[in-house]
Amino acid sequence: MLLITCPWCGPRNETEYRYGGQAHVPYPDSPADLSDEQWAEYVFYRDNPKGPFAERWMHSIGCRRWFNVLRDTATHEVLTSYRPDEPRPGGNR
């Protein structure tokens, strides 16, 4: 069981949250110019690292706000959580 800290509500059980996928995926600058393959890559292809990984989560049973969590995918340890307008702790990797 994960204990995730919502930046607005504090620590809560993982059952209060909804997973939203990889964080920091930039929206294309010119979406009309993308090919089908580029759209497929933007919509479906995500990183799958072993180790620290930035993810989007929503506090669905609480404040219903989206935020980011830095979680180690090998140990499932939640390293930190931060608001979407804050930079990723430790820089982008």
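Accessible area per residue (1.4 Å probe, heavy atoms of protein chains only) ranks Glu37, Glu55, Glu14, Glu77 as Glu37, Glu77, Glu14, Glu55, with the largest value leading. When the P(r) of the chain is calculated, the portion above 21 Å amounts to 37% of the C-alpha pairs.
The values are calculated or read from the model by the stated rules, or taken from the named source; none is laboratory data. Just so we're clear, the structure is a prediction, and the values are computed from it rather than from any experiment. We work out accessible area using only protein heavy atoms, side chains counted, and drop any ligands, DNA or RNA first. Shrake-Rupley method; radii C 1.70, N 1.55, O 1.52, S 1.80 Å.
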